[in-house]
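Asks: Sharing a structure, written as structure tokens. Questions coming.
The values are calculated or read from the model by the stated rules, or taken from the named source; none is laboratory data. Being a predicted model, the structure only gives us computed values, none of them experimental. Reconstructed Cβ throughout: ideal geometry from the backbone, glycine too, with neighbour counts over all protein chains shown.
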Amino acid sequence: MRVRPLAAGFWMLAAAGAAVLAIWLTTAWLLDVADDAPPGTDRARIRVDAVRTGLAAGGGAGAAVGLMLAFRRQRHAELATALGQLDAAERRITELYNAAAEQLGSDKAPVRLTALYTLERLANDNERHRQTIVNIICAYLRMPYTPPDSSDRERAARELRRYYAARYQAACAGRPIPEAPYGPDAGEEQQVRLTAQRILTDHLQNHARVHWADVSLDLTGAHLTDFNMTVSTLVVADFEGATFTGYTHFSRATVTGAATFRSATFTGPAYFDAATLTRAADFQSASFRGPAVFQGTTFAMAAFFDGAVFVDRAVFDQAIFEDKAFRMAPASSGPGLRGAAFFAKAAFASHASFQKAAFTGAAIFSESAFDGEVELGEATVADTRHGHVLPPGWRIEPAEGTTGRIVEDSAPAPSGG
């Protein structure tokens, strides 16, 4: 704690005054005692001893004041040293931080990789700066990016050959050397982005050697490859409009804040099994082109799948919907559930709406528990021959061809053929 100079000076003067007063009172008291002695040499000797004792007491008080001042100077010196070291450390962090941020804009992949590893080290050693560093890495991953394919590599190789041929001709003719006509290699950029992903996922997993706790991710519109957040914990997870290629893992992950996957695209299998989403979970208009596995997932608040498209199977077996509503309305462009939909042993604590849902595959609700109202009005199945298992109170009414409509048992059957 830093002491204000005026307050310190006041207490120093007060201590000095108290010491002088103590000297005066001690001497006065001893002299008064000496007056009781018989007159003559004894009284004089006693009075001299009294003065000597008072001066000794004054010397001791002065030494105490001196020790107090020395302690204060030492304390101020220690504080100044500590503050100097803190300022130096903060300046060093700022310098490394700025240098890494600048290196991320380099057109050379090794320089960008160095920047990412520098940011990782800074985040490991400085907890106060972790969220800011995570924000920088997320911003890098949000930058426009097109994954490389074989045609990109062939084109880059052709341009490279043409460039070296032109460079050789220019050198032979004495002309200026032309600049390379191609940009950063797409394959190298992919490796840089995979490194950025790994830094995030490795440190957000609960068993990480250096765990980055209380972190939020903003990866809206990012292009992510084989993104693995298994057994991780996030405060806020914002993946709106993100594209996930390869395998996506959120198995046993926990999101304590909002989880947003609105309009996200999953090109491969997506695993959310045993995840815990404690706030609203928004999967509206998301596209699942591979299997979507929500087996045993806990939705503690509202879960919205309005407009979501499931091209492959959707597995919600033993999922728990604890509060608010669960909605799965179809996409405006066509069926929302094109594969089999499994809700076996799922538990819905409140309203569950599948109104107008279109089940292209089997609809399985065996042993599901609905504590609130379940709504399947105007839902349809593409093939009545599948082994559909509907919630109690609902049945499939055959329609044109192999299709069928899901209606309440109380609804009257159509008359005639």
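Asks: Quick one: in segment 259-271, which of the residues that are surrounded by 20 or more Cβ atoms within 10 Å (Cβ to Cβ) and in contact with a strand residue (DSSP E or B) (Cβ under 6 Å, 6 or more places away or on another chain) is farthest from ALA349 (Cα to Cα)?
Replies: Within segment 259-271, the match that is farthest from ALA349 (Cα to Cα) is PHE266.
Asks: While we're looking at this one, here's another question. Of these, ALA369, ALA357, which one is among the hydrophobic types (A, V, I, L, M, F, W, C), modelled with pLDDT under 85 and closer than 26 Å to GLN318 by Cβ? Before you say what the answer is, go through the steps one by one.
Replies: Numbers: ALA369 fails: modelled with pLDDT under 85.
On inspection, the qualifying residue turns out to be ALA357.
Asks: Right, another one. Need the failing condition index for LEU119 against (1) closer than 12 Å to ARG193 by Cα; (2) in a helix (DSSP H, G or I), just the number.
Replies: Every listed condition holds for LEU119 apart from (1).
Asks: Here's something else I'd like to know. Out of the residues in segment 272-309 meeting the condition of being modelled with pLDDT under 90 and over 24 Å from the mean Cα position of the chain (by Cα), tell me which one is surrounded by the most Cβ atoms within 10 Å (Cβ to Cβ).
Replies: Applying the filter and picking the extreme gives ALA308.
Asks: Just to be sure, is SER232 crowded, with 24+ Cβ neighbours inside 10 Å, in the same structural domain as ALA358 (by TED's automatic domain parsing), without any contact (Cβ under 8 Å) to a residue 40 or more places away in the chain and polar (S, T, N, Q)? Walk me through it before giving the result.
Replies: Numbers: crowded, with 24+ Cβ neighbours inside 10 Å: yes; in the same structural domain as ALA358 (by TED's automatic domain parsing): yes; without any contact (Cβ under 8 Å) to a residue 40 or more places away in the chain: yes; polar (S, T, N, Q): yes.
Criteria met by SER232.
Asks: Let me ask something else about it. Out of all the residues in segment 390-411, which are closer than 22 Å to VAL311 by Cβ and surrounded by 14 or more Cβ atoms within 10 Å (Cβ to Cβ)?
Replies: THR403, GLY404, ILE406
Asks: Among the listed residues ALA139, ALA157, identify the single one that is assigned to a helix (DSSP H, G or I), farther than 21 Å from ARG209 by Cα, of a type in the set (Gly, Ala, Ser) and at pLDDT below 90. Lay out the reasoning, then the answer.
Replies: Numbers: ALA139 fails: at pLDDT below 90.
Matching residue, one of ALA139, ALA157: ALA157.
Asks: Now a separate question. Considering each of PHE239, PHE227, PHE244 in turn, give the residue that is under 20 Å from PHE294 (Cα atoms), within 14 Å of the chain's Cα centre (by Cα) and in the same structural domain as ALA264 (by TED's automatic domain parsing).
Replies: Numbers: PHE227 fails: within 14 Å of the chain's Cα centre (by Cα); PHE244 fails: within 14 Å of the chain's Cα centre (by Cα).
When all the criteria are applied, what remains is PHE239.
Asks: Could you please find all residues in segment 357-373 being closer than 24 Å to VAL311 by Cα and in a strand (DSSP E or B)? Spell out the reasoning first.
Replies: As a first pass, look at segment 357-373 and keep what is closer than 24 Å to VAL311 by Cα: 357-366, 368.
Once the filter is applied, which keeps residues that are closer than 24 Å to VAL311 by Cα and in a strand (DSSP E or B), segment 357-373 yields ALA358, PHE359, ALA363, ILE364.
Asks: Given the residues GLY187, GLY221, which is the only one that is surrounded by fewer than 20 Cβ atoms within 10 Å (Cβ to Cβ), assigned to a helix (DSSP H, G or I) and among the small types (Gly, Ala, Ser)?
Replies: Working: GLY221 fails: assigned to a helix (DSSP H, G or I).
Going through GLY187, GLY221 in turn, just one is surrounded by fewer than 20 Cβ atoms within 10 Å (Cβ to Cβ), assigned to a helix (DSSP H, G or I) and among the small types (Gly, Ala, Ser): GLY187.
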